[in-house]
Amino acid sequence: MKEMFQELGVSEQVQEMVKEAEEVLQPEFKKIDALAEYHSIKVLNAFHKYQISETHLGSTTGYGYDDIGRDTIEKVFAEVLGAEDCLVRNQFISGSHALTVAFFALLRPGDTLLSISGEPYDTLHEVIGIRENPSSLASFKVHYSQIDLINDNFDIEKIQSFLKEHKTKVIEIQRSKGYSTRKSISLEQIEEVIQKIREVDQDVIIMVDNCYCEFVSEYEPLQVGADIIVGSLIKNLGGGIAPNGAYIAGRKDLVALAADRLTVPGEGKEVGPSLGVNKLLLQGLFFAPTVVASSLKTAILASYLLEKLGYTVEPKVSDKRADIVQMITFGNPDDLIHYCQGIQMGSYVDAHSIPIPWDMPGYEDQVIMASGSFTQGSSIELSCDGPIRPPYIAYMQGALTYPAGKLGVMKAISYLLETKKV
Ligand SMILES: *Cc1c(COP(=O)(O)O)cnc(C)c1O
């Protein structure tokens with residue numbers, strides 16, 4: 001073991017730190033194991049309810065008519081997410097694409113979209129028209145308004161008075177923090193704000209960007225009153241097995257609108273070839289509870305170790321988590337860059353290509369991204385990234401297995417400490 005760690009470049013100091021950390025963290029890890037078991041039962045019961053069999057592992061080509069695997073997978077996902085209906089498709093390019101399809105499915109010229117969790121995820125700025133784009137919602141005369149969070153909670157007074165004054169078609173809530181410095185939004189907060197929204201508006205469609213949050217809490221937003229939720233399959237629910245895709249789940253009428261927008265008005269869910277992914281999507285959902293658990297354990301381990309080394313972390317070890325993202329504030333660019341580089345060095349794939357900050361399209365500051373993943377850009381696999389701007393925060397997420405996550409963190413911390421010595 002000693003020699004193997006030496007080969008990997010993990011220092012004895014870090015080995016000792018991790019040993020101590022794992023002892024302290026046992027109670028937290030136990031809770032996470034229980035959560036994984038809970039979600040595994042949920043998935044198993046859904047598989048049984050729809051009698052998943054070998055037939056469902058096959059797939060279609062061409063138009064994709066009568067794809068029994070695809071249609072049954074959508075029922076299973078709906079069951080697991082507490083939805084009336086669900087669209088689970090490899091024709092979605094990404095989570096951002098699914099969010100785009102949902103927006104364009106639900107909003108018409110003259111309608112108003114309101115974000116109540118502050119500025120939405122970066123990739124949605126051109127979709128909404130916050131940043132100019134000739135294909136944005138704004139270019140179709142969809143109005144956009146935004147209410148910021150106050151102290152990491154919804155500004156309920158402002159939301160209620162906005163809804164009383166403005167007929168609003170869709171409210172968007174983003175649970176995960178993205179590249180902001182706020183906390184992620186808990187299910188309890190979602191439940192409360194939905195109650196407050198319904199006091200003043202029965203009709204507004206409540207849509208939740210659920211990226212990174214699936215299987216982290218016991219329930220999903222639909223079960224506390226949301227109308228429609230959206231997420232990526234190269235995050236939590238894909239379990240590291242889904243090669244691409246995303247889902248839209250919720251009210252049947254709204255999912256039908258989304259299906260008509262994704263494919264063809266009038267054809268909706270009836271078309272869309274699965275092209276070999278059915279087995280992978282089912283297997284991904286099968287793995288998802290334990291993969292999310294591995295990600296949570298890795299996040300908690302990193303939270304503990306980096307706080308010990310004097311960095312500010314959010315969430316802290318015993319904070320209740322809403323998603324799989326671990327935020328580490330490094331306070332200087334060098335430590336941020338070295339930690340991300342160390343994560344890459346500890347990856348199974350592309351460990352020898354060292355990431356450097358670059359001008360990514362769509363971002364104002366330079367960004368560094370470590371993702372040595374089997375699936376391109378997959379962030380349910382151990383990955384770490386951050387914009388090069390004060391206070392120099394790294395956003396770390398994922399790990400398909402706990403040992404892989406732990407080794408990645410060990411390598412990253414060893415490298416970080418090494419660079420600080422010289
Ligand atoms: C990942 C993510 C998305 C979608 O990102 P894609 O890379 O397009 O899949 C949207 N919102 C949040 C909060 C996310 O974390």
The long-range amide H neighbours of residue 205, using H built 1.01 Å from N in the peptide plane and a cut-off of under 5 Å, are 170, 171
I'm a student and want to see the number: the projected area of the Cα convex hull of segment 206-290, averaged over all directions, in nm².
5.8 nm²
Only bridges with both residues in the chain count here: give the DSSP antiparallel percent, nearest 5.
65 percent
In degrees from 0 to 90, rounded to the nearest 10, what is the angle of the helix 156-165 Cα long axis to the longest principal axis of the chain?
20 degrees
Segments 323-333, 126-136, 141-151, 100-110 sorted - mean Cβ within 10 Å per residue, highest first:
323-333, 100-110, 126-136, 141-151
For segment 57-285, state the semi-axes of the equivalent ellipsoid (square roots of 5 times the eigenvalues of the alpha-carbon gyration tensor), sorted largest first and rounded to whole angstrom.
29, 19, 16
Formal net charge of residues neighbouring residue 21 (Cβ-Cβ distance under 13 Å; K, R +1; D, E -1):
-2
By the Kirkwood definition, with r running over pairs of different Cα atoms, the chain has a hydrodynamic radius in Å of 22.1 Å
Considering only Cα-Cα distances, which of the following residue pairs are longer than 28 Å: 269/297; 75/158; 30/183?
269/297; 75/158
Quick check: pseudo-label points 7 Å beyond the Cα along Cα→Cβ at residue 61 and residue 191, how many nm apart are they?
4.9 nm
Between residue 108 and residue 54, what's the calculated FRET efficiency when r is the beta-carbon distance and R0 is 35 Å? Round to 0.05.
0.20
DSSP loop (so not H, G, I, E, B), at most 10 other Cβ within 10 Å: list which trypsin sites (Lys or Arg not before Pro) in segment 270-333 pass both filters.
320
The long-range amide H neighbours of residue 85, using H built 1.01 Å from N in the peptide plane and a cut-off of under 5 Å, are 250, 252
Pull up all non-local amide H partners of residue 312: gap of 5 or more, or a different chain, and H-to-H distance under 5 Å with H placed in the peptide plane.
329
Could you give the angle, 0 to 90 degrees to the nearest 10, between helix 68-81's Cα long axis and the longest principal axis of the Cα atoms of the chain?
70 degrees
Hey, any idea what the orientation-averaged projected area of the convex hull of segment 146-236's Cα atoms comes to, in nm²?
5.9 nm²
Segment 1-81: trypsin sites (Lys or Arg not before Pro) in DSSP coil with no more than 12 other Cβ atoms inside 10 Å:
none
Estimated [θ] at 222 nm from DSSP helical runs (n ≥ 4, -39500 (n - 2.57)) normalised by residues in the chain, nearest 500:
-13500 deg cm²/dmol
Express as a percent, rounded to the nearest 5, the fraction of DSSP beta bridges in segment 57-285 (both residues included) that run antiparallel.
40 percent
Sequence order, segment 95-102: Karplus ³J(HN,Hα) from phi using 6.51 cos²θ - 1.76 cosθ + 1.60, θ = phi - 60°, Hz rounded, Gly and Pro as x, gives x, 4, 5, 5, 5, 4, 4, 5
For the chain, find the longest principal axis of its Cα atoms and tell me its angle to the long axis of helix 252-262, 0 to 90°, nearest 10.
80 degrees
How much length would be gained if the chain were fully extended between residue 140 and residue 283, taking 0.36 nm per residue of separation minus their Cα-Cα distance, in nm to one decimal?
47.5 nm
Please compare each pair in 2/411; 42/177; 141/169 to a cut-off of 18 Å on the Cα-Cα distance and tell me which ones are over it.
42/177
Rounded to whole Hz, the Karplus (6.51, -1.76, 1.60) HN-Hα couplings of segment 227-241, x for glycine and proline:
8, 8, 10, 9, x, 9, 8, 9, 10, 3, 6, x, x, x, 9
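Every number in this text was worked out from the coordinates using simple rules, so none of it is lab data. All values reported here derive from a predicted model rather than from experimental measurement. Note: ideal-geometry Cβ built from the backbone for every residue, glycine included; neighbour counts use all protein chains shown.
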